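For reference, the structure discussed in these notes is given below.
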Amino acid sequence: MHSILVLHGPNLNLLGQREPEVYGSTTLDDINNLLQAEAKNLGVVVATLQSNHEGSLVDAIHAAREKHQGILINAGAYTHTSVAIRDAIAGVKLPTVEVHLSNIYQREAFRHYSYIAPVAIGQISGFGAESYRLGLQALVRYLSSS
């Protein structure tokens, strides 16, 4: 059975409260519950971690080599700033899907660049919590076909 590490970056712990006009009313617990249910349907397990600290996310990516077969990540603002997270993903060589609640290409110009996209197998953005479910489905299909 495949195991997927789901990483939520900075400020995602505030979902449901922070900028609901951008991110909606769905909470991080709602997303994690959605992912647990979808994982069960797909016959995989997911482990979730949210951190506001770049180093904690890097450490989790490194540790994933021993426990997981893929990574689903919403790095939040670190998407646009973190070479460290990009290098960690490249270094562990685990298939990774990048997801975003909002369409980052319809937002401020600084959000249009992702350091993660070049080392991910794909990116899904703009579908709210559904981005996570779609990303998990895509990652599991990728793992099943590899």
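What pairs come out if I take residues in segment 102-114 that are in a loop (DSSP other than H, G, I, E, B) and pair them with residues that are among the acidic types (Asp, Glu) whose C-beta lies under 8 Å away, six or more apart or interchain?
Within 8 Å, the pairs are SER114/GLU98.
Quick grid of which residues meet (1) in contact with a strand residue (DSSP E or B) (Cβ under 8 Å, 6 or more places away or on another chain); (2) open to solvent by 20 Å² or more (accessible area, probe 1.4 Å); (3) within 21 Å of LEU12 (Cα to Cα):
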residue: LEU57; (1), (2), (3): yes, no, yes
residue: GLY122; (1), (2), (3): yes, yes, yes
residue: LEU134; (1), (2), (3): yes, yes, yes
residue: ALA138; (1), (2), (3): yes, yes, no
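Which count do you get for residues in segment 65-84 that are part of a helix (DSSP H, G or I) and touching a residue at least 40 places away in the same chain (Cβ under 8 Å)?
5
Could you give every pair whose Cβ atoms fall below 7 Å, whose first residue belongs to segment 53-64 and is farther than 12 Å from LEU7 by Cα, and whose second residue is assigned to a helix (DSSP H, G or I), counting only separations of at least 6 or pairs across chains?
From segment 53-64, the pairs are HIS62/ALA88; HIS62/VAL92.
Does GLU108 satisfy being of a type in the set (Asp, Glu), open to solvent by 70 Å² or more (accessible area, probe 1.4 Å) and over 26 Å from GLY43 (Cα atoms)?
Yes; evaluated as a whole, the condition is true for this residue.
Being crowded, with 16+ Cβ neighbours inside 10 Å and hydrophobic (A, V, I, L, M, F, W, C) is the filter here, so list the residues in segment 10-46 that pass it.
Scanning segment 10-46 gives LEU12, LEU15, LEU28, ILE31, LEU34, LEU35, ALA39, LEU42, VAL44, VAL46.
The values are calculated or read from the model by the stated rules, or taken from the named source; none is laboratory data. All figures in this text were calculated on a predicted structure; none of them were measured in a lab. Because the Cβ atoms are built from the backbone with ideal geometry, glycine has one as well, and the counts that use them run over all protein chains shown. Keep in mind that these areas ignore ligands, DNA and RNA; they rest on the heavy atoms of the full protein, side chains included. Shrake-Rupley method; radii C 1.70, N 1.55, O 1.52, S 1.80 Å.
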